[in-house]
Every structure is written in structure tokens, then in C-alpha cells.
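Undergrad: Before I ask anything, here is the structure I am working with.
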Amino acid sequence: MSAFTPTIRSLAFALCAATLPAAHAFDLASADMRDHGTLADKQVLNGFGCQGGNQSPQLAWSDPPAGTKSFAVTVYDPDAPTGSGWWHWVVFDIPANVRSLPAGAGARADAGAGAKSGRSDFGTPAFGGACPPQGDKPHRYITTVYALKVDKLDLPAEPSGALVGFMIHANQLGSARLVATYGR
């Protein structure tokens with residue numbers, strides 16, 4: 001095998017990736033959290049040594065890409081000491097005409113929008129608030145709304161966050177996100 005083979009593969013991959021259409025970015029806002037801010041106590045878990053409201057944040061999005069047929073929402077902590085991060089909330093099949101979720105929607109399996117919920121890493125189809133290990137650096141909590149090109153994701157009941165994430169990425173037209181931190 002030539003010493004140039006990895007370089008040629010990397011170049012070929014880069015050229016192929018450059019021909020893919022760029023995902024459309026749209027707008028996401030929240031009355032409960034601000035981008036690059038600190039999560040409020042109401043978005044903190046009430047358990048595992050944390051004391052909070054365990055309430056999903058209010059979210060509102062606008063300007064989705066043309067062709068959007070549904071939305072999905074995830075809250076993910078890439079800093080969790082698991083080797084694979086931590087899914088705090090996974091909601092999908094949100095109808096295309098929905099542009100917001102109220103605070104606390106994560107307590108419902110359908111998020112109040114006729115959508116479906118996947119299992120968070122807490123093992124339930126509901127929102128689970130922030131609760132990083134005591135003494136860890138503040139963790140990032142990435143809230144993302146995805147615009148999807150399909151009406152429904154073909155998924156079993158209460159799928160894992162990883163499975164929903166795979167299907168989201170296979171069907172996304174664009175995304176919008178807010179990143180907040182929390183430490184204790």
C-alpha cells in the first residue's frame with residue numbers, strides 16, 4: 001500500500017463532501033435559556049444529587065428551509081463522562097406547521113405537539129434535566145431543532161437517542177441550536 005493512499009482517500013472524501021448541499025440554518029430562540037448562557041435551575045434535574053425543576057425549556061423557531069415536512073428536537077450533553085455523551089431529550093415527528101414548544105413540554109410523551117418521544121439516557125421518553133457530576137467542569141447542553149425532509153421518521157416505539165439521531169441526520173434539511181452550560 002502506498003504512503004499516499006491515506007492522502008488520496010482524504011482528498012477524495014473532501015471532494016465528495018464539497019459536492020453535498022449545505023444544510024440550511026434557521027433561527028431558534030428560547031424564553032428560558034440564552035445561547036452561551038448558563039441553564040436556570042428549572043432546567044436542572046431533580047435527582048442524582050441535583051435539585052431543580054426538571055423542566056424542558058420553551059423553544060420557538062422560524063425560517064425553516066423550503067421543503068420542511070417535520071421537525072425534531074434534541075438536547076444532548078457531549079461532555080457527559082460516558083464515552084458517548086448523554087441524551088437529555090429526544091422528540092421527533094413534530095408536524096411542519098408547529099413552530100414552538102412550551103416550557104415543560106418534555107413531561108409529555110408527545111411534547112404537546114402530536115409528536116413522538118424517544119428514550120432519553122435516563123431511560124424514559126421524557127425530558128431529563130442537567131446534572132453533571134459534582135466537581136466536573138461545566139457541561140455543554142446543546143438544544144437543536146432539526147428541519148426534516150420527511151413527515152415521519154420510520155422508528156419503533158420509544159427508540160434510543162442514538163437511533164433517532166441517526167435517522168435525523170439521514171433526513172435533515174437544516175438545523176438551529178442553542179448551547180448553554182451548567183456545572184456544580
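Per-residue answers, yes or no, for (1) over 22 Å from A66 (Cα atoms); (2) assigned to a helix (DSSP H, G or I):
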{"residue": "Q134", "(1), (2)": "yes, no"}
{"residue": "Y141", "(1), (2)": "yes, no"}
{"residue": "T144", "(1), (2)": "no, no"}
{"residue": "K152", "(1), (2)": "no, no"}
{"residue": "M167", "(1), (2)": "no, yes"}
{"residue": "A170", "(1), (2)": "no, yes"}
{"residue": "A176", "(1), (2)": "no, no"}
{"residue": "R184", "(1), (2)": "yes, no"}
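Undergrad: Confirm whether A111 is under 19 Å from R177 (Cβ atoms) and at pLDDT 95 or above.
TA: Answer is no for this residue.
Undergrad: Still on this structure, please answer the following. Here are G83, G52: which of them is at positive phi and over 15 Å from the mean Cα position of the chain (by Cα)?
TA: Testing whether each residue is at positive phi and over 15 Å from the mean Cα position of the chain (by Cα) leaves just G83.
Undergrad: Just checking, which of S84, S56 is assigned to a loop (DSSP other than H, G, I, E, B), closer than 13 Å to A130 by Cα and of a type in the set (S, T, Y)?
TA: Every option except S56 fails the conditions.
Undergrad: Hey, any hits in region 111-125 for a residue that's exposed (fewer than 15 other Cβ atoms within 10 Å of the Cβ) and outside any loop (DSSP other than H, G, I, E, B)?
TA: no
Undergrad: Another one. Of the residues that make up region 41-52, is at least one surrounded by fewer than 16 Cβ atoms within 10 Å (Cβ to Cβ), in a loop (DSSP other than H, G, I, E, B) and among the hydrophobic types (A, V, I, L, M, F, W, C)?
TA: Looking through region 41-52, at least one residue is surrounded by fewer than 16 Cβ atoms within 10 Å (Cβ to Cβ), in a loop (DSSP other than H, G, I, E, B) and among the hydrophobic types (A, V, I, L, M, F, W, C).
The values are calculated or read from the model by the stated rules, or taken from the named source; none is laboratory data. Since this is a predicted model, take the numbers as computed values, not measurements. Cβ atoms come from the backbone with ideal geometry, glycine included; neighbour counts cover every protein chain shown.
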